[in-house]
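Take a look at the structure set out below.
The values are calculated or read from the model by the stated rules, or taken from the named source; none is laboratory data. No experiment lies behind these values; they were computed from the predicted model shown. In this analysis, Cβ positions are derived from the backbone assuming ideal geometry, glycine residues included, and neighbour counts consider all displayed protein chains.
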C-alpha cells in the first residue's frame, strides 16, 4: 500500500475518482459523434450502440484523466460499466487503466472478483500478469490494485495476496459495502455476539499480516462504505494495519464528516471514492447547453470534473484538519 | 429455469461441462501450433503468449463442444480462465458462449459477479443485453444464466432477477461453495442458531419467489457444492423451489452418491458440474503421446471428453435410480 500512500501524500489528497461511465454521465452528443465512424467499421449494424459507447467512454475517460492528473492520486474504474458493453467495453476498460497509469495515477480496478482457489489464481492475473516467453510478466490489465469479495474464504483470497506481493500491488476486500441492503448479510449477528462484517474484518487483518509495508499498512485493504460512519470508526480501531477504500461519498450520501473517523491519527489510513460527483459534475454546471458540440461538452466535462475534484479535496482536508 | 430443465430431460443427463481452459488441460502442441500465425499479427511480441492461448483455447473449446453436444444439456465457461489472458481472453469467452449456444447448449456463465444496485444493473447486461437502435436488445455475452455473489444483499441481486425475467434467462446465487475454506464465512453460526449459508438460502428462495416456472422451479438457482452432501440434502428441503448448480463433482472429490441428495423426488432439481474431469480426460487416456500433432491431440481431447461425459451421465443415472 506504500505506493498508494506516497501518491496520496504527494497530492495532499486522500481521494480517488471512480471512472464509471454510463449513458447518464457521458454526454449524448459525445456518443452520437462516433456514430458514422463506428458504422463504417462494424460487420453488423446491431453492434453499433455498444461499439459507439466503447469509443465514446474512452474519450470521456481520457478527458477526465487529463483534467484530474496531479490533483487526485488515483482512479477507480468500475469494470461492470465496461462489461455492460460486452467485449468491446472490456477493451475500453483495459485502455483506460493503461492510459491512467501513463498519466501517473494509481489504478484501482473495481472488479469485486471472488472464487475458489484454482479460479482465484486465474483472476489474480489481474495483478500478476502472464509470463511472457522471455520470463518477464506481461501486465494484462494495468491495475495497481483490485477489489475482491470474501464470501469464499481464505483460499479465494490467498492467490491475490501472493500476486500482490510478487508484483508490488494491492487488493481491497469487501468488508462493509455502502449499499442499503448490505446489512442483510454483512450485519448479521453471529453466535458469539460479533457481526459478520467484524469477523470478515478480522480475517482481512490476518490475510494482510505478512505484507506489512513501511507505511504501517499491509497490501490487503478493506472496502468500508462512507454510509456507515460509526461502524467505520470502530473498524478503524479493529483493523489498525488495514488501509480503507471508502465508497459512498457524495452521490450515495456520505459526507466528509462521515468518513473522517475512518482515517488514523495522522490523517492517513483511508482513501475516499467519488464517482458520479466528479465525472457527472458537468450536468450540474450552469455552462451546459444541449446544443453544445461534442468537443465543447467534453471540455466542460473536464473543467467540471477538475473543479469537483478540487472541491472534494478541500472538503476532506477541512474535515481532517 | 424451464429451458434448462427441458434440455436436461431431452438428454436424460443432469450434468454440465465446465469449459475452464488452462495450460494444464489445453495440450501444449495445440498452443504451440498457433505461434507463427499469432506472431505475424501482434504489434508487440510480448502479446504473443496471451493471443496464442486465446486462439488455442477457443479451438479447444470448439472441439469439446462439438464432441459433447447432444450428450450434455449445458456448458459452464468459467470467465476467470479467460480474464487470465486479458481482453483477448474475454473475446474467446464470448465466442465460446456464442458457439455453444449455436450448437444447442444452455450456456451458464460462471462469472460470480456482485456489486451495489446501480453497478449490479450494469453486470445484469450479461443477461439483458444492450438496447440496439431498433429497440431490440443486442445479446452481448450469449449466456443463458450467470452466477452471482450474495454478499451485497438484495439490491445487488434484484437487477439480475429483473433482467432474467425480461430475457427468459436464469441466475444462480452462491449459497455453499465447494472449496475448503468456504466454511470460514458460509458456515458461521448466527445468533439465532442458523448458519450463514442457511440464511442466504432463505434469501435465495425469496429472491426467486415471483419467477416460478412451469417446472416448479424459479429463475433464481443456488450454487451448492458437491463437497457438502449432508448440507446439500438439508438445503434441498429448505429451498423447495430453487434449482441447484452443484460444482465439485470429480476433481474436487464429490461423487454421484454425494450429489444424489440434492435432487428432488423426481430426480430433478439439480445439475452437476464437472470441469477438469471432462475437458482434461485426454490426459488420463492411454492414447496420448507427446509426439502427437496438434490435430491428433485435439481429436483425442474430443473423444476423451465425450467418453468422460457419457461415463458421468451413467454414473449420475445409477446414483439417481
ask   = Is there a residue in the stretch B:113-134 that is buried (at least 24 other Cβ atoms within 10 Å of the Cβ), within 8 Å of another protein chain (Cβ to nearest Cβ) and assigned to a strand (DSSP E or B)?
value = yes
* Regarding residue B:57, is this residue within 14 Å of another protein chain (Cβ to nearest Cβ), in contact with a strand residue (DSSP E or B) (Cβ under 8 Å, 6 or more places away or on another chain), part of a helix (DSSP H, G or I) and buried (at least 21 other Cβ atoms within 10 Å of the Cβ)? -> no
*With respect to residue B:46, determine if the residue is in contact with a strand residue (DSSP E or B) (Cβ under 6 Å, 6 or more places away or on another chain), assigned to a helix (DSSP H, G or I) and either modelled with pLDDT under 95 or more than 20 Å from residue B:284 (Cα to Cα) (or both).*
yes
Condition set at the interface with another protein chain (Cβ under 7 Å from one of its Cβ atoms) and in contact (Cβ under 8 Å) with a residue 12 or more places away in the chain, scope the stretch A:135-152, selection nearest to residue A:94 (Cα to Cα): answer is A:141
If we ask which residues in the stretch B:193-228 are out of contact with any helix residue (DSSP H, G or I) (no Cβ under 9 Å at 6 or more places or on another chain), surrounded by fewer than 16 Cβ atoms within 10 Å (Cβ to Cβ) and within 12 Å of another protein chain (Cβ to nearest Cβ), their number turns out to be 1
| query | Does residue B:189 qualify as being touching a strand residue (DSSP E or B) at 6+ places or on another chain (Cβ under 8 Å) and surrounded by fewer than 15 Cβ atoms within 10 Å (Cβ to Cβ)? | reply | yes
Every listed condition ((1) within 26 Å of residue B:141 (Cα to Cα); (2) within 13 Å of the chain's Cα centre (by Cα)) holds for residue A:75 save (1)
Cβ pairs under 6 Å, 6+ apart or interchain, first in the stretch A:30-54 and touching a residue at least 60 places away in the same chain (Cβ under 8 Å) and within 11 Å of another protein chain (Cβ to nearest Cβ), second surrounded by fewer than 19 Cβ atoms within 10 Å (Cβ to Cβ) and part of a loop (DSSP other than H, G, I, E, B), ordered by first then second residue, are none
Within the stretch B:97-112, residues being assigned to a loop (DSSP other than H, G, I, E, B) and surrounded by fewer than 22 Cβ atoms within 10 Å (Cβ to Cβ) number 2
The residue that is surrounded by the fewest Cβ atoms within 10 Å (Cβ to Cβ), considering only those in the stretch A:3-43 that are within 17 Å of the chain's Cα centre (by Cα) and part of a helix (DSSP H, G or I), is A:3
Within the stretch A:256-268, residues loosely packed, with under 15 Cβ neighbours inside 10 Å and in a loop (DSSP other than H, G, I, E, B) come out as A:265, A:266
The condition from (1) facing chain A (nearest Cβ under 8 Å); (2) more than 30 Å from residue B:3 (Cα to Cα); (3) assigned to a helix (DSSP H, G or I) that residue B:88 misses is numbered (1)
For this session: Check whether at least one residue in the stretch B:170-181 is more than 12 Å from chain A (Cβ to nearest Cβ) and more than 19 Å from the chain's Cα centre (by Cα), and report yes or no.
Result: no
query: Is it fair to say residue A:246 is over 16 Å from the mean Cα position of the chain (by Cα), surrounded by 23 or more Cβ atoms within 10 Å (Cβ to Cβ) and within 19 Å of residue A:143 (Cα to Cα)?
result: no
